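The values are calculated or read from the model by the stated rules, or taken from the named source; none is laboratory data. Remember, it's a predicted structure, so these values are computed and weren't measured experimentally. Note: ideal-geometry Cβ built from the backbone for every residue, glycine included; neighbour counts use all protein chains shown. These accessible areas exclude ligands, DNA and RNA; they are computed on the full protein's heavy atoms, side chains included. Shrake-Rupley method; radii C 1.70, N 1.55, O 1.52, S 1.80 Å.
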Amino acid sequence: MSQEGLANEAGLDRSYVGRIERGEHNLTFVSLMKLCRAMGCDAAELTVDLPKSRANEV
């Protein structure tokens, strides 16, 4: 799927999707859900192997 096709399917701007793909922009949870819906995947599946947050460490 092209960036343009994904953006159209998700209802997002193509340049925004490009910036996300290049790591230039952090996406919101809402945008993540839109992209997952457009790709037919589950957001939870994308986060299975991510490292745990260190935000709670002191």
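In this structure the chain gives 82 Å² per residue of accessible area when probed at 1.4 Å with all protein chains present. Summing charges over all other residues whose Cβ lies under 15 Å from the Cβ of residue 41, with Lys and Arg as +1 and Asp and Glu as -1, gives -2. Within the chain, the longest run free of exposed loop sites, counting trypsin sites (Lys or Arg not before Pro) that sit outside DSSP helix and strand states (H, G, I, E, B) and have at most 15 other Cβ atoms within 10 Å, spans 23-51. Anisotropy class assigned to the chain is prolate, per the alpha carbon gyration tensor with a/c at or over the 1.5 cut-off and a/b larger than b/c. Ranking 48, 1, 30 by Cα position along the charge dipole of the chain, where only Lys, Arg, Asp and Glu carry charges on their C-beta atoms, puts 30 farthest toward the positive end.
The charge dipole of the chain, taken about the Cα centre with unit charges on the Cβ atoms of Lys, Arg (+1) and Asp, Glu (-1), comes to about 140 debye, rounded to the nearest 20. Across segment 23-30, computed HN-Hα scalar couplings (Karplus, 6.51 cos²θ - 1.76 cosθ + 1.60, θ = phi - 60°) run x, 8, 9, 8, 8, 7, 4, 4 Hz from first to last residue, x flagging Gly and Pro. What longest range of the chain stays clear of loop-exposed GluC sites (Glu not before Pro) (DSSP non-H/G/I/E/B, at most 12 other C-beta within 10 angstrom)? Answer from the scan: 25-56. The portion of the accessible surface of the chain made up by carbon and sulfur, rounded to a whole percent, is 50 (1.4 Å probe; DNA, RNA and ligands excluded). The value of relative contact order for the chain, using C-alpha pairs under 8 Å at least six residues apart, is 27 percent.
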